[in-house]
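Heads up: the structure comes next, in structure tokens.
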Amino acid sequence: MMIKILIRNAFRHKLRSVLTIAGIAIAVLAYGLLHTVIDAWYAGVAASSANRLVTRNSISLVFRLPLSYREKIRSADGVKIVSYGNWFGGYYKDEKDFFANFAVEPVSYLKLYPEYKISENETTSFLKNRKGCLVGKKLADRFGWAVGDSITLVGTIYPGKWEFVLSAVYEGKHKNVDETMFFFHWDYFNETMKKVRPFSADNVGFYIIGIDRPENAAGIAEAIDAMFKNSLAETLTETEKAFQLGFVAMSEAILKAVQLVSFVIIVIILIVVANTMVMSVRERTAEYAIFKTIGFSGGYIATLIIGESMMITLIGGILGISATYPAAIAFSNAVGTYFPVFNITGKTIFMDAVVIIIVGLSAGILPAWRAMSVRISEGLRKIG
């Protein structure tokens, strides 16, 4: 019975209620998308494994490390497996079509990344073909690639046209896995460097290290860096999560701005709903006075007002949350190059729900208090 009364009250002034609900839906949609953008920025961090370390040149990732470091790193206590690679920086057809591409040692690299799901036949094909490449499903779909296709990347850091054969396509075993990357054989890369740029050969950009126990990460990292102390190429070893956070930190100002905008949106929702409720209560002051005259308590009146506020906010919030999913898909298709992992998380939906409840209650409290505090005589003056 109460639900019917709240719905009728909420839509007593239909145009105003519909506009308010539309405003709430748009605001909740924007709030949800902004939080999804923040989550996407941290997707690489979320996908990081506690059992992996990254070793790079202590000066910068731009400076390389000798390939000879591999055996020394492998000898450190707690190290199970060592892989290595280089950021390649090539593009396909157009420089605007950016995607991450790496030259890696394929056997050890795939052992370190079990979250990549690849068929056994395609894995074998990739490992056997020196010019074979492994790409993520989203990247393959983006360019319409299929296994067996010839692909040419134009090098920027390492100039020239590099020919590859698509040997395998991987999918992520969970939603946080980036499916837009391109991998090829480090040996093919290194052999080419020996011919065209000998001074760049036998050097790697980074080492990926698999360790026995996550709790030993700090000690293993210190031991590795100590091996190369005072060498021509000193190292910095950190957990994969810390390595990813280093890239996120470069965009910290942008992230803070996005978070600030999301809080502004909450305030806007609150103002919109509060304004609607204040207008509704002002129009019904005489009604509430009559309720008091025939014996209804102030608590009952407050329930009507706060319930109406919650009803309007909930309807708008549900519409906004429902619209977030198709909007996220469209957004991901538009900016998938920059946000390869763009998924709406349960946390985002939970935050949307919390915001809806807070706004609904907050917007109704002040009008409810005013209606409860108005004396019957003052309320009835508005009749006629």
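List of remarks:
- Verdict on Tyr113 being open to solvent by 10 Å² or more (accessible area, probe 1.4 Å), hydroxyl-bearing (Ser, Thr, Tyr) and in contact (Cβ under 8 Å) with a residue 40 or more places away in the chain: no
- Here Ile220 meets each of (1) surrounded by fewer than 16 Cβ atoms within 10 Å (Cβ to Cβ); (2) of a type in the set (Val, Ile, Thr); (3) in contact with a strand residue (DSSP E or B) (Cβ under 6 Å, 6 or more places away or on another chain) with one exception, condition (1).
- Candidate set: region 294-304, residues that are open to solvent by 60 Å² or more (accessible area, probe 1.4 Å) and in a helix (DSSP H, G or I); chosen: the one farthest from Gly23 (Cα to Cα): Tyr300
- Annotation note: of Phe263, Phe243, the sole residue that is under 24 Å from the mean Cα position of the chain (by Cα) and surrounded by fewer than 14 Cβ atoms within 10 Å (Cβ to Cβ) is Phe263.
- Screening Gly89, Gly85 for residues that are of a type outside the set (A, V, I, L, M, F, W, C), over 17 Å from Glu171 (Cβ atoms) and in a loop (DSSP other than H, G, I, E, B) leaves exactly one candidate, Gly89.
- Residue within region 281-293 that is open to solvent by less than 40 Å² (accessible area, probe 1.4 Å), farther than 30 Å from Met2 by Cβ, assigned to a helix (DSSP H, G or I) and not acidic (Asp, Glu) present: no
- Test: residue in region 188-203 that is touching a residue at least 40 places away in the same chain (Cβ under 8 Å), of a type in the set (A, V, I, L, M, F, W, C), part of a strand (DSSP E or B) and closer than 23 Å to Arg74 by Cβ: no
- Residues in region 47-62 that are assigned to a loop (DSSP other than H, G, I, E, B) and either touching a strand residue (DSSP E or B) at 6+ places or on another chain (Cβ under 8 Å) or surrounded by fewer than 18 Cβ atoms within 10 Å (Cβ to Cβ) (or both): 9 in all.
- Identity of the residue in region 151-175, open to solvent by 50 Å² or more (accessible area, probe 1.4 Å) and more than 30 Å from Phe199 (Cβ to Cβ), that ends up modelled with the lowest pLDDT: Lys175
- Taking region 95-182 as the region of interest, the strands (runs of 3 or more DSSP E) fully inside it that hold 3 or more residues being under 25 Å from Val54 (Cα atoms) are 101-104, 132-136, 160-172.
- Residue that is nearest to Leu232 (Cα to Cα), among those in region 56-99 that are small (Gly, Ala, Ser) and in contact with a Phe, Trp or Tyr (Cβ under 7 Å, 6 or more places away or on another chain): Gly85
- Region 45-93, residues that are of a type in the set (D, E, K, R) and under 25 Å from Met193 (Cβ atoms): Arg56, Arg64, Arg70, Glu71, Lys72, Arg74, Lys93
- Filtering region 8-28 to residues that are within 37 Å of the chain's Cα centre (by Cα), open to solvent by 20 Å² or more (accessible area, probe 1.4 Å) and touching a residue at least 24 places away in the same chain (Cβ under 8 Å) leaves Arg16, Ala22, Gly23, Ile26.
- Selection status of Ala140, more than 17 Å from Asp187 (Cβ to Cβ) and small (Gly, Ala, Ser): yes
- Only one of Val204, Val196 that is open to solvent by 40 Å² or more (accessible area, probe 1.4 Å) and touching a Pro at 6+ places or on another chain (Cβ under 9 Å): Val196
- Number of residues in region 63-82 that are of a type in the set (A, V, I, L, M) and part of a loop (DSSP other than H, G, I, E, B) equals 2.
- Test: Leu236 is more than 20 Å from Thr36 (Cβ to Cβ) and in a helix (DSSP H, G or I): no
- The listed residues are Val258, Val267, and the only one of them that is under 27 Å from Arg16 (Cβ atoms) and either of a type outside the set (Asp, Glu) or modelled with pLDDT of 75 or more (or both) turns out to be Val267.
- Of all residues in region 79-107, those being under 16 Å from Gly132 (Cα atoms) and without any contact (Cβ under 8 Å) to a residue 60 or more places away in the chain number 1.
The values are calculated or read from the model by the stated rules, or taken from the named source; none is laboratory data. Only a predicted model underlies this, so the values are computations on that prediction, with no experimental measurement involved. Here Cβ is always computed from backbone atoms with ideal geometry, including for glycine, and neighbour counts include all displayed protein chains. Ligands, DNA and RNA are stripped out before the accessible areas are found, and what is left, the full protein with its side chains, is counted by its heavy atoms. Shrake-Rupley method; radii C 1.70, N 1.55, O 1.52, S 1.80 Å.
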